[in-house]
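*Asks:* Just passing along the structure, written as structure tokens.
Read-outs throughout are calculated quantities, based only on the coordinates presented, and are distinct from any laboratory measurement. Not measured: the values here are computed from a predicted model. Glycine also receives a Cβ, built like all others from the backbone with ideal geometry; neighbour counts cover every protein chain displayed.
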Amino acid sequence: AQTVTQSQPEMSVQEAETVTLSCTYDTSENNYYLFWYKQPPSRQMILVIRQEAYKQQNATENRFSVNFQKAAKSFSLKISDSQLGDTAMYFCAFPRANDYKLSFGAGTTVTVRA
Amino acid sequence: GAVVSQHPSWVICKSGTSVKIECRSLDFQATTMFWYRQFPKQSLMLMATSNEGSKATYEQGVEKDKFLINHASLTLSTLTVTSAHPEDSSFYICSASGVGDTQYFGPGTRLTVL
């Protein structure tokens with residue numbers, strides 16, 4: 001069975017500081033995608049960043065970047081220069097091998113303090 | 001691009017009635033759409049996968065006769081909660097599959113059954 005684990009239920013960060021969210025997963029596949037989604041209080045799920053496993057270069061989207069360690073099956077998200085609008089629940093997601101449907105982690109609630 | 005709409009955004013109904021929720025991909029065609037259920041402060045739970053022109057596939061434990069799914073076109077999928085009861089009250093989210101297994105999410109529908 002494939003699992004996605006987010007071990008940090010909640011994190012708090014001062015505005016303009018950096019916070020890193022952890023995610024580990026388990027798979028026997030070699031080529032796959034990994035995703036981070038953000039769900040703010042509005043509850044709209046928003047794609048933050050996507051990583052293709054065959055690419056060695058870590059994906060970056062403005063203030064969001066990932067540290068993808070394929071051998072360790074680790075996919076952490078770094079939020080730099082945190083803004084109040086980054087306050088949200090963040091989900092790591094990974095496609096299941098048998099049918100490519102997304103498995104989501106339990107989520108990490110990030111609160112950015114002014 | 002990759003916008004998904006969902007209607008209604010919230011609905012209140014009486015126990016025993018049926019409720020239909022629509023999910024539309026506005027600027028792309030989606031052969032596959034997904035329906036999720038989410039309880040407060042929890043992760044997304046996949047209910048079923050909706051395929052255009054064919055029957056939906058349901059996750060284990062999801063009653064297909066209670067949660068009817070129709071994928072009538074490449075841009076529209078509907079979820080009908082039949083004979084709704086208070087335990088069906090929840091937040092329902094749809095998504096549409098785009099490039100590279102990326103899922104784009106609708107804004108969600110809050111269902112309250114009295």
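*Asks:* Give me Rg/Rg_expected for chain A, where Rg uses Cα atoms only and Rg_expected = 2.2 N^0.38 Å with N residues.
*Replies:* Taking N as the residue count of chain A, the ratio is 1.02.
*Asks:* May I pose another question? Find how much the distance from B:Trp10 to B:Glu52 grows on full extension, using 0.36 nm per residue of separation minus their present alpha carbon separation; answer in nm with one decimal.
*Replies:* 12.6 nm
*Asks:* Using per-residue counts of other Cβ atoms within 10 Å, averaged over each peptide, order B:90-96, A:24-30, B:33-39 from highest down.
*Replies:* Output ranking for B:90-96, A:24-30, B:33-39: B:90-96, B:33-39, A:24-30.
*Asks:* Spin-label point model (7 Å from Cα, Cβ direction): what's the A:Glu10 to A:Asn62 distance in nm?
*Replies:* Here the answer is 2.7 nm between the modelled labels.
*Asks:* Among the listed pairs B:Lys14/B:Lys66; B:Lys14/B:Lys64; B:Lys20/B:Lys64; A:Lys73/A:Lys101; A:Lys73/B:Lys64, give every one whose C-alpha distance is greater than 25 Å. Kindly include the intermediate steps, with their values, before the conclusion.
*Replies:* Working: B:Lys14/B:Lys66 16 Å; B:Lys14/B:Lys64 21 Å; B:Lys20/B:Lys64 14 Å; A:Lys73/A:Lys101 18 Å; A:Lys73/B:Lys64 35 Å.
From B:Lys14/B:Lys66; B:Lys14/B:Lys64; B:Lys20/B:Lys64; A:Lys73/A:Lys101; A:Lys73/B:Lys64, over 25 Å: A:Lys73/B:Lys64.
*Asks:* Now for a different question. Would you calculate the separation in nanometres between label points at B:Lys20 and A:Arg113, each defined as 7 Å from the Cα along the Cα-to-beta-carbon direction?
*Replies:* Using points 7 Å along Cα→Cβ, the separation is 5.0 nm.
*Asks:* Quick test of your reading: applying the under-4.7 Å Cβ rule, which cysteines of chain B are isolated?
*Replies:* B:Cys13
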